[in-house]
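Peer 1: Attaching a single structure in structure tokens format; questions to follow.
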Amino acid sequence: MPATTENNQGSFLGRISIRRNQVMSMDGSHDQEVEDLELFQKHVGDRFSELLSSTNTSSGDALLSIAWLRRILDEFLCCEAEFKAVVLMGRDPSQIAKPPLDKVLPELLDRVVKSLDVCNAVTLGLDAVKNLQRLAEIAVAALDQTPLGDGQVRRAKKALSALVAAMLHDDSNAAAKGTERTRSFGRRAGNNTNSGKYKSLSWSMAKNWSAAKQIHAMISNLAAPRGAESSGLAQPIYMMSSVLVLVMWTLVAAVPCQERNGLGTHFPLPRQLGWAQPMIGLQEKIAEEWKKKEKKGNVGLLEEMQRMDKLGQSLVEFADSFQFPAEAERLDEVKKHVEELGDICKKMDEGLEPLQQQIREVFHRLVRDAARTFVEHGMADGRLCIVTKEPYAPYERPALTRAYLFPPDKKPARLPGFHTCVGSGGERQTPEWYKENVIEMLYEDPVKDIDIEKHTLTTSSGKLLKYGSLIIATGCTASRFPEKIGGNLPGVHYIRHVADADTLILSLEKAKKVVVVRGGYIGMEVAAAAVGWKLDATIIFPEDDLLQRLFTPSLARRYEELYQKNGVKVLKVIIGIGARPAVSPFERVGQNTDVGGIQVDGQFRTSTPGIFAVGDVAAFPLKIYNRISRVEHVDHARRSAQHCMTIFHTSIQGFLNMKEALEKCGGSSLETRAIGETVEIGNFDPKIATFWIESGKLKGVLLESGSPEEFQLLPKLARSQPLIDKAKLQNATSVEEALEIARGSLQGEAVV
């Protein structure tokens, strides 16, 4: 079903498009505007009235079925297009700047921003539904056999038991363990077919994010216009807010989402408004379904899931009592249930992918229209522009010292394969993506000067850019040897950009020996890459140990042994090289002389109003340890940028996260060597973990080669710093056992 069609829009949008081309004045246009507003109200009422009436007939789509959800999304997209035409297109921005529009339109846009997270959560929930569908398909395949034996029944019971157990949890994560939260709309990397599976949206969801609280926040200040306001533009804005909230509330009720406790069964709409009547009717029907849920933790009201749950339980009961050979009458009954379950799986197979695509369309429509509304109506002075010295759209820089350096027979990574945000499981944001999302890119034209007083930037080519808000995300630059000791000789390489990696690869193709200076992340990764080229590799570093900022001496020795076992020589000499924060030309913004970089507060704001700094270059207060820190790691770059963007819409108390991963490190500081005592478990078999303990408290954990579930535990431990039984931890015989002890301490189960 298309989102909008010419038939859907009818003559209404045709006339609005004519209105858009008229010279906007107050002379003689008032009657036309009133007629347009009345027509918009009628269309909204008619659309939802038709949707309501179709649920009351046996021939219509079942309430909250996949097909029905697609219909309500289609109605939303049509309403949104009509709203844009009647309220926004061609309108003088001065009208928007006057009360009450100066208040109600920004409130609508705030709801739009909140709805993006809801779309994100719903998409994750649909991934969980697909996982449950696969379990049902396993059961159908096993039970659809003649004759039916013990082996098939056991296989079906295992799948059905997992299905029923997962549906007891009201959380998409329970039904999709291992599904990463950081997603981005688009096909999975490397899959360009139409059947590609869609992931969620464009930023990470916080672990404590709540779908119920997000809906409540959207409703909190939603009030119908009164008095004279009820006949003006405030009325359609209120209508569009109501439609948006109803659709998001419906999606959260139907699809398993993160934290739905307290969602509520309705939100108030004035019954005296004609267009609101069918929406109230839909609310009441959905609320009735919500109240009828047999289990408190049911996975959602999605009609196909409800039927699947009942059939699953029935078939589990059959499997529990199965004895070969089964009675013919019982087998006939089971066959009907299996056929019905198979039909449900088929409908889900045909409907879930288009539903996700439609949510994707809703998301992108909201993003595009909200951005244009901000700009076109004076609610933002400009646009989003990214200025870079590189010739490429942003990419995952860690790939340059990892898969990019693979030898040809190992399928090395190349652009566009690792544009952001594939490193975090998200959409690959190619140059076309930035165009589609109205983001201007200035390539190979870095900023050379800033005028803080005039809020302007000057690029190398001489372009003058005026900014309202500026985010400095310049990262670090590679330190270089002085030229007088051979820093620029052929064969001496520094790696920071794609061009650097390309030059290095040309040398690796001809080299026999490789010497890597410094034993940090990059040095260790390049040495490992050299081994992949079957070269004689040596790491030289000035510190006592590899990655001294993080590894304990004991753990460092284990990594050194691992590298030596794989043919890498490790030498320790006195020499200085590495990376430094790229603060030029922003020195006047405010530097931190202790840790380097640009000083910011807990919201990544510099001391200069309107200027922010994120990523490697930001020196920020680490709340959990009450000190200033700077982190050079891709995970911190992502999270600090996301946190910075969040404050444009909400108030955040401070940045708690301090890089939740170093290959998924759960410690909250890169300088952990001096913290208390350590307990090391494992020996690269394949896991190894180090636990930092001080005054009986677990201060941090570093984990190598853990599972997704284990990595999700680490930030909780780092933040909570629970009391832990050190002796019990030391006696653990495996990394898994040690992590369970840590988990138990988090839940108050450990004896200290």
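The values are calculated or read from the model by the stated rules, or taken from the named source; none is laboratory data. Keep in mind the model is a prediction, meaning the values are calculated, not measured. Reconstructed Cβ throughout: ideal geometry from the backbone, glycine too, with neighbour counts over all protein chains shown.
Peer 1: Please pick out the residue among 440, 396, 432 that is closer than 18 Å to residue 638 by Cβ and under 29 Å from the mean Cα position of the chain (by Cα).
Peer 2: Numbers: 440 fails: closer than 18 Å to residue 638 by Cβ; 432 fails: closer than 18 Å to residue 638 by Cβ.
Result of the check over 440, 396, 432: 396.
Peer 1: Follow-up. Within the range 144-161, does at least one residue satisfy the condition of being crowded, with 21+ Cβ neighbours inside 10 Å and either closer than 30 Å to residue 241 by Cα or modelled with pLDDT under 85 (or both)?
Peer 2: no
Peer 1: Does any residue in the range 62-87 that is in contact (Cβ under 8 Å) with a residue 24 or more places away in the chain and at positive phi come within less than 9 Å, Cβ to Cβ, of a residue that is crowded, with 22+ Cβ neighbours inside 10 Å and aliphatic (A, V, I, L, M) six or more places away or on a different chain, and which pairs are these?
Peer 2: Within 9 Å, the pairs are 64/253; 64/254; 64/302.
Peer 1: Now for a separate question. Provide a single number: the residues in the range 522-548 that are part of a loop (DSSP other than H, G, I, E, B) and either modelled with pLDDT of 85 or more or farther than 12 Å from residue 563 by Cα (or both).
Peer 2: Of all residues in the range 522-548, those part of a loop (DSSP other than H, G, I, E, B) come to 533-535, 542-548.
Remaining after also requiring either modelled with pLDDT of 85 or more or farther than 12 Å from residue 563 by Cα (or both): 533-535, 542-545, 547-548.
Looking only at that region, the number is 9.
Peer 1: Something else: Can you pull out the residues in the range 145-166 that are free of Cβ contacts under 8 Å to residues at least 24 places away in the same chain and either outside the structural domain of residue 331 (by TED's automatic domain parsing) or not in a helix (DSSP H, G or I) (or both)? Step through it out loud before you land on a result.
Peer 2: Initial filter on the range 145-166 (free of Cβ contacts under 8 Å to residues at least 24 places away in the same chain): 145-146, 151-152, 155, 158, 165.
145, 146, listed by residue number.
Peer 1: Please go through the range 666-700 and pick out each residue that is surrounded by fewer than 18 Cβ atoms within 10 Å (Cβ to Cβ), touching a helix residue (DSSP H, G or I) at 6+ places or on another chain (Cβ under 7 Å) and at pLDDT 85 or above.
Peer 2: Of everything in the range 666-700, just one residue is surrounded by fewer than 18 Cβ atoms within 10 Å (Cβ to Cβ), touching a helix residue (DSSP H, G or I) at 6+ places or on another chain (Cβ under 7 Å) and at pLDDT 85 or above, namely 680.
Peer 1: Only residues that are out of contact with any helix residue (DSSP H, G or I) (no Cβ under 8 Å at 6 or more places or on another chain) and either closer than 21 Å to residue 518 by Cβ or outside any strand (DSSP E or B) (or both): list them for the range 447-477, please.
Peer 2: Hits for the range 447-477 are 453, 454, 455, 460, 461, 462, 463, 467, 468, 469, 477.
Peer 1: Against the condition closer than 22 Å to residue 134 by Cβ and either at pLDDT below 90 or in the same structural domain as residue 67 (by TED's automatic domain parsing) (or both), how does residue 349 come out, does it pass? Reasoning before the result, please.
Peer 2: Values: closer than 22 Å to residue 134 by Cβ: yes; either at pLDDT below 90 or in the same structural domain as residue 67 (by TED's automatic domain parsing) (or both): yes.
So residue 349 fits the description; yes.
Peer 1: Can you tell me which condition residue 242 does not meet? The list is (1) more than 31 Å from the chain's Cα centre (by Cα); (2) modelled with pLDDT of 80 or more; (3) hydroxyl-bearing (Ser, Thr, Tyr), and all the others hold.
Peer 2: If we test residue 242 against (1) more than 31 Å from the chain's Cα centre (by Cα); (2) modelled with pLDDT of 80 or more; (3) hydroxyl-bearing (Ser, Thr, Tyr), just (1) comes out false.
Peer 1: Please work out which residue is farthest from residue 86 (Cα to Cα), limiting yourself to the range 352-376 and to residues that are modelled with pLDDT under 90 and of a type in the set (Asp, Glu).
Peer 2: Once the filter is applied, the top-ranked residue is 361.
Peer 1: Return the total of residues in the range 265-284 being modelled with pLDDT of 85 or more and surrounded by 14 or more Cβ atoms within 10 Å (Cβ to Cβ).
Peer 2: In the first step, residues of the range 265-284 are kept if they are modelled with pLDDT of 85 or more; the result is 269-284.
Those still in the list that are surrounded by 14 or more Cβ atoms within 10 Å (Cβ to Cβ) too: 269, 273, 275-283.
Final tally of qualifying residues: 11.
Peer 1: If you don't mind, there's one more thing I want to ask. Can you confirm whether the range 498-506 contains a residue that is crowded, with 17+ Cβ neighbours inside 10 Å and under 22 Å from residue 584 (Cα atoms)? Reasoning before the result, please.
Peer 2: So the first thing to find is which residues in the range 498-506 are crowded, with 17+ Cβ neighbours inside 10 Å, and the list is 498, 501, 504-505.
If we keep only those that are under 22 Å from residue 584 (Cα atoms) too, we end up with 498.
Yes, the range 498-506 contains at least one residue that is crowded, with 17+ Cβ neighbours inside 10 Å and under 22 Å from residue 584 (Cα atoms).
Peer 1: Of the residues that sit in the range 620-635 and are crowded, with 18+ Cβ neighbours inside 10 Å and charged (D, E, K, R), which one is farthest from residue 455 (Cα to Cα)?
Peer 2: Across the range 620-635, the extreme among qualifying residues is 635.
Peer 1: Would you be able to tell me the number of residues in the range 609-645 that are within 20 Å of residue 469 (Cβ to Cβ), modelled with pLDDT under 90 and more than 21 Å from the chain's Cα centre (by Cα)?
Peer 2: Counting residues in the range 609-645 that are within 20 Å of residue 469 (Cβ to Cβ), modelled with pLDDT under 90 and more than 21 Å from the chain's Cα centre (by Cα) gives 2.
Peer 1: Which residues, taken from the range 598-619, are surrounded by fewer than 18 Cβ atoms within 10 Å (Cβ to Cβ) and either at positive phi or in contact with a Pro (Cβ under 6 Å, 6 or more places away or on another chain) (or both)?
Peer 2: Those that are surrounded by fewer than 18 Cβ atoms within 10 Å (Cβ to Cβ) and either at positive phi or in contact with a Pro (Cβ under 6 Å, 6 or more places away or on another chain) (or both): 602, 610.
Peer 1: May I pose another question? Can you work out which of the residues in the range 549-584 that are within 13 Å of residue 515 (Cα to Cα) and surrounded by 17 or more Cβ atoms within 10 Å (Cβ to Cβ) is modelled with the lowest pLDDT?
Peer 2: Here the residue is 570.
Peer 1: Can you list residue pairs whose Cβ atoms sit under 6 Å apart, with the first residue in the range 399-423 being at negative phi and part of a helix (DSSP H, G or I) and the second being modelled with pLDDT of 90 or more and aliphatic (A, V, I, L, M)? Count only pairs 6 or more apart in sequence or on different chains.
Peer 2: Filtered contacts from the range 399-423: 399/413; 400/501; 403/413; 404/413; 404/501.
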